[in-house]
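The structure under discussion appears below in the form of structure tokens.
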Amino acid sequence: MSRCILLVLLLPGFVFAQSMDQTPPRVVVPDKLSGWWQMMASSVEADVPNMGRNLNVPGCATVSFVIEKDGSTSTVKVQKVVPTGDLGKVGASVAHGLHFEPTAFNAGRERVFSWLIFPFNLPSDAAARSAVMRQCAIDHLEWKDR
């Protein structure tokens, strides 16, 4: 019985020591992300609610995330949504479903923090598409912005 108590008492310290060992991910701007990790899916699925605000209008959502060593995403956060409404939830669901593979440059599978702009219902005109996407542009985020 004393073994079990000792094990239980040591386990929280072990978990704490492990979490202290984990360093914050490297911040990589979206334009440089493909040098570190390559997205594996050519199309992704999203959870789109049946009803919501501004779901059918042209818009975009900027979503930040961490790419973990196994290529999955975590720490997903909607940073910006245009227009205000429920497209942010859709963008977050897309980011949760992304999967990446490391590039040769990132053979050590370094974790990175980055962000992407997800477009929705874009107009067919190229200038109008660009205008919508510019509204969601974020020049730089830091790990503290997660």
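Coordinate-derived values only; no laboratory data. This structure is a prediction, so every number in the text was calculated from the model and none was measured.
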- request: Return a whole-number percent for the relative contact order of segment 24-145, with Cα pairs under 8 Å and 6 or more residues apart as the contact set.
  value: 37 percent
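On full extension of the chain, what length is gained from Ala41 through His140, given 0.36 nm per residue of separation minus the C-alpha to C-alpha distance? All intermediate terms of the calculation are to be shown ahead of the outcome.
Values: separation 99, 0.36 × 99 = 35.64 nm, distance 2.52 nm.
Length gained between Ala41 and His140: 33.1 nm.
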task: Just tell me which aspartates and glutamates come within less than 16 Å, Cα to Cα, of Lys89; anything on the same chain fewer than 8 places away is out.
output: Glu45, Asp47
